[in-house]
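I have placed the structure first, in the form of structure tokens, so that the comments after it can refer back to it.
The values are calculated or read from the model by the stated rules, or taken from the named source; none is laboratory data. Values in this document were obtained by computation on a predicted structure and should not be read as measured data. In this analysis, Cβ positions are derived from the backbone assuming ideal geometry, glycine residues included, and neighbour counts consider all displayed protein chains. What goes into the accessible areas is simple: the full protein's heavy atoms, side chains included, and nothing from ligands, DNA or RNA. Shrake-Rupley method; radii C 1.70, N 1.55, O 1.52, S 1.80 Å.
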Amino acid sequence: MKTTRTPWQIQRAVVFALFLREMKTRFGSKRLGYLWAILEPAAIILVFWVMFGFAARGGIPGVDYPMFLLTGMLPYQLFANTLTKSMAAFESNRGLFNYRQVKPVDALVTRCLVECLVYCIVFLILVAAGMALGFNAAIHDFLGLTVILLLLVCFSFGMGLVCAVIGSFAENFQKVVGIMMRPLFFSSGIFFSVSMVPPPYDRILLFNPLLNFLELIRAHYFAAFQPHGASYLYIINWTMGSNLLGLWLYTHLKDRIVATS
């Protein structure tokens, strides 16, 4: 007797198959690919620790600067990689859209899941390394940290969806986003806190939602860290707005995306 699968079961199977394909494409069959996922953020943290560690010493009492960098670098890379890889998701999987079961949004969901898994594992490994080196790496509020990180994942997916849809019809849009990511890297609070920025520049920088995310992530990670001006409502509005806009664009342009992919 033939059983009929529900749409949810079909989509789950599609996403799982795309997930395995994405992991193999990204890391290959060699172990060095997985090792590089850990070495890359660790190397960047080490460089910024050498560059700014001495100047930041004593700037945030109770917070070790390497762990401060870790809680900024990994969330930022999660967002940046989800955004940039989402813009290429439609083009990379265009041959699969000939199958009725495979939807363009499945490719974006898959890439977001891959980034979440990778950076979750990297985060745990680097936190364990920080503890082994004697840094204060204990998580102050695990539940609150989990909620903020889930919001960041949703925000990253929403922005990735918006950029992926727009990028399908604007040839040079990926280049524009690439240019914008450079100043965003230095203004999102990866290696500084809002408390280190004099007014009125601190309020200006807080228009950046990523800076709000990083401040709140550190507030839940470190007991001694106090977020300055960061707003939960602000990041929730950005998260909801990006997802609503992305889903609206995708719903109205899905057929054209498949036709042009």
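When the gyration tensor of the range 116-165 is built from Cα positions, what are the square roots of 5 times its three eigenvalues, in whole Å, from largest to smallest? Kindly include the intermediate steps, with their values, before the conclusion.
Details: eigenvalues 155, 35, 9 Å².
Semi-axis lengths for the range 116-165 are 28, 13, 7 Å.
Given an 8 Å cut-off on Cα distances and at least 6 residues of separation, report the relative contact order of the chain as a percent. Could the numbers behind the result be given before it?
Details: 283 pairs, mean separation 67.2, N = 261.
Dividing the mean separation by the residue count of the chain yields 26 percent.
By how many nm would the segment from I204 to T146 lengthen if fully extended, with 0.36 nm per residue of separation less the alpha-carbon distance? Before the final figure, lay out the partial values.
On the way: separation 58, 0.36 × 58 = 20.88 nm, distance 2.72 nm.
Length difference between fully extended and current span is 18.2 nm.
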Checklist entry - Going highest first, how would you order 67-80, 131-144, 232-245 by mean Cβ packing within 10 Å? => result 67-80, 232-245, 131-144
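In the chain, what is the count of Lys pairs whose alpha carbons are under 18 Å apart, counting only pairs at least 8 residues apart or on separate chains? Write down the numbers at each step before the final one.
Working: K24/K85; K85/K103; K85/K175; K103/K254.
Lysine pairs, 8 or more places apart or on different chains, close enough: 4.
Suppose R0 equals 22 Å. What FRET efficiency, 1/(1 + (r/R0)^6) with r the Cβ-Cβ distance, do S195 and Y234 give to the nearest 0.05? It would help to have the intermediate numbers written out before the result.
Details: r = 18 Å, r/R0 = 0.80.
Taking R0 as 22 Å, the efficiency between S195 and Y234 is 0.80.
Can you work out D for the range 169-261 in µm² s⁻¹ from Stokes-Einstein, where Rh is the Kirkwood radius over C-alpha pairs, the temperature is 25 °C and the viscosity is 0.890 mPa s? Walk me through the numbers on the way to the answer.
Values: Rh = 15.5 Å.
So the translational diffusion coefficient is about 158 µm²/s.
R0 = 41 Å: FRET efficiency of F185 with A259, Cβ-based, nearest 0.05? Could you put the intermediate results ahead of the total?
Working: r = 35 Å, r/R0 = 0.86.
Given R0 = 41 Å and the Cβ-Cβ separation, E is 0.70.
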Checklist outcome for this item: Tilt, helix 7-27 to longest principal axis of the chain (alpha-carbon atoms), in degrees rounded to tens, equals 60 degrees
Item to check | Backbone N within the range 163-181 under 15 Å of label point (7 Å from E91 Cα along the Cβ vector) | outcome: 163-179
Checklist outcome for this item: For the range 114-217 the GluC sites (Glu not before Pro) that pass both the DSSP coil test and the at-most-14 other-Cβ-within-10 Å test are E171
Checklist outcome for this item: For the chain, the percent of accessible surface on carbon and sulfur atoms (probe 1.4 angstrom, ligands and nucleic acids excluded) is 68 percent
Checklist entry - Is the shape of the range 154-221 best called rounded, prolate or oblate, per the rule: a/c under 1.5 gives rounded, else a/b larger than b/c gives prolate, else oblate, with a ≥ b ≥ c the square roots of the Cα gyration tensor eigenvalues? => result prolate
Checklist entry - What's the angle, to the nearest 10 degrees (0 to 90), between helix 104-132's Cα axis and the longest principal axis of the chain? => result 30 degrees
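Would you please name the trypsin sites (Lys or Arg not before Pro) within the range 89-156 that are DSSP coil residues with at most 16 other C-beta atoms within 10 Å of their C-beta? Provide the component values of the computation, followed by the final result.
Working: sites: R94, R100, R111; in loops: R100.
Hits after loop and neighbour filter: R100.
For the chain, what does the helix formula give at 222 nm: sum of -39500 (n - 2.57) over DSSP H segments with n ≥ 4, over the residue count, nearest 500 deg cm²/dmol?
Numbers: 10 runs with 191 residues, N = 261.
Taking each H run of at least 4 residues, the total per residue is -25000 deg cm²/dmol.
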Checklist entry - How far is helix 209-221 tilted, in degrees, relative to the longest principal axis of the Cα atoms in the chain, given as a value from 0 to 90 rounded to the nearest 10? => result 60 degrees
